[in-house]
Amino acid sequence: LKKSILFQGLPEGDLRKISLSFEFIDLPMGEVLFYEKENSSDMYLVLEGKVRASLFDEHGNELVLAELGPGEFIGEMSMIDQLPRSATVIAEEPTRLASLSRETFLKIIRENPDIAINVIRALVTRLRRADDMIEALAFRNVESRIVKFLVETGREKGLTENGKYRLRKMTHRDLAARVGASREAVTKALKALVFKGIIEDRGNFWLISPDAEEKIDP
Ligand code: CMP
C-alpha cells in the first residue's frame with residue numbers, strides 16, 4: 001500500500017486504518033472484473049498482477065485503453081461521477097485487488113485531502129497517455145502504430161539482442177487490440193514491415209531496432 005499512487009505520502013498509522021476497510025478479491029487470468037456500461041461504483045487497487053481496461057465493438061474486436069499494475073487503481077471514474085463503467089476490466093494475469101466502496105473512499109478523502117491530489121496526478125498521467133494514443137490513431141498509419149508499440153514495449157521490457165529489442169511474438173489479434181486496428185490490417189502491416197526489414201521475424205520472436213520509428217513514414 002505504501003507504494004500505491006493513491007496513498008503516497010500518507011502516515012503509516014492512517015494507512016493501517018484505511019486498509020481495514022478493504023475487501024480483497026482474487027481474479028484468475030482472463031476473468032472480467034466488470035463490464036463497460038455496468039452500473040457499479042466501487043474502486044479497486046491493484047495489489048498484485050495486472051488488469052487491462054478495454055473497449056469492444058459489436059464484433060468482439062478489442063481496443064486496449066490501458067494496462068494497470070501493482071500500486072495503480074481502477075474504477076475511479078464511475079466512483080467519482082456515478083455514471084456507468086467506461087470500459088471493461090479484465091485480469092491479464094492472476095490478480096489480487098483491494099476494493100473500496102464509494103462511500104468509504106469519499107470518507108477517506110475527506111479525512112486525508114492529500115489523497116485527492118494523488119488521484120488528480122494519476123488522472124493527469126492517464127490523460128497524457130490517452131492524448132498520445134489519440135495522436136497515434138489520428139496521425140499514424142497501422143505500420144507506424146505497430147512500430148511505436150513494439151519499440152515502447154521493448155524499451156519497457158529492455159530485452160535486447162545485438163542492440164535490437166527482442167520481443168516475444170503476440171497473436172495478430174492481440175497486437176490489433178493494442179494498436180487500434182483490425183486483425184486483417186495488422187496481418188498486412190506486419191508482412192510489409194518484415195518485407196522492408198523494419199521487423200525481423202525470428203520464429204517465436206520479433207527483432208526491432210530502437211530507432212525503427214525514424215525509418216518509416218508516419
Ligand atoms: P470506470 O469507468 O469506473 O471503469 C473502467 C475503468 O477503466 C475506468 O473507471 C478507469 O479506471 C479505467 N480507464 C478507462 N479509460 C482509461 C484510460 N484511457 N487510461 C487508463 N485507465 C482507463
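Can you compute the label reach from GLU36? Point 7 Å from Cα along the Cβ direction, backbone N cut-off under 14 Å, restricted to the range 83-101. Counting backbone N atoms under 14 Å from the label point, the list is 84-90. Taking max minus min of the alpha-carbon positions on each principal axis, the range 1-93 gives extents of 49, 28, 20 Å, largest first. Residue-normalised convex hull volume from the C-alpha trace of the chain: 136 Å³ per residue. If you take the Cα centroid of the range 8-66 and the Cα centroid of the range 97-163, the two points sit 14 Å apart. Over the range 1-155, what percent of the accessible surface lies on carbon and sulfur atoms, probe 1.4 Å? Looking at the range 1-155 in its full context, I get 55 percent from C and S. For the range 44-114, the per residue solvent-accessible surface stands at 47 Å², with DNA, RNA and ligands left out and a 1.4 Å probe. Under 5 Å between amide hydrogens, built in the peptide plane, is the criterion, and for ALA87 it picks out LYS37 among residues at least 5 positions away or on other chains. Using a cutoff of 8 angstrom between alpha carbon atoms and counting only pairs six or more residues apart, the relative contact order for the chain works out to 20 percent. Mind putting together the pair-distance distribution for the range 24-145? All Cα pairs, 10 Å bins, whole percent per bin, short to long. All Cα pairs considered, the percentages come to 12, 40, 35, 11, 2. Could you report the accessible area of VAL124 in Å², rounded to 10, computed with a 1.4 Å probe on the protein chains as they sit in the structure? Its accessible surface works out to 70 Å², give or take rounding.
Among residues other than GLY203 with Cβ under 11 Å from its Cβ, the summed charge is +1 (Lys and Arg +1, Asp and Glu -1).
When all alpha carbon pairs of the range 104-157 are counted in 5 Å bins from zero, the resulting P(r) reads 4, 17, 15, 16, 13, 9, 9, 10, 6, 1 %. Taking 7 Å steps out from each Cα toward its Cβ at LYS191 and PHE139 produces label points 3.0 nm apart.
As a check on your grasp of the helix formula, calculate [θ] at 222 nm for the chain: sum -39500 (n - 2.57) over DSSP H runs of n ≥ 4, divide by the residue count, round to the nearest 500.
So the helix-based figure for the chain works out to -12500 deg cm²/dmol.
Quick one: which of LYS3/LYS50; LYS37/LYS107; LYS3/LYS157; LYS3/LYS107; LYS164/LYS215 span more than 18 angstrom between C-alpha atoms? Over 18 Å apart, Cα to Cα: LYS37/LYS107; LYS3/LYS157; LYS3/LYS107.
Given that compact globular proteins tend to follow 2.2 N^0.38 Å, what is the ratio of the alpha-carbon Rg of the range 81-123 to that value? Against the empirical 2.2 N^0.38 Å value, I get 1.42 for the range 81-123.
The values are calculated or read from the model by the stated rules, or taken from the named source; none is laboratory data. Quick caveat, the model's predicted, so the values are computed rather than measured. Ideal geometry is used to build each Cβ from the backbone, glycine not excepted, and the neighbour counts take in all protein chains shown. Keep in mind that these areas ignore ligands, DNA and RNA; they rest on the heavy atoms of the full protein, side chains included. Shrake-Rupley method; radii C 1.70, N 1.55, O 1.52, S 1.80 Å.
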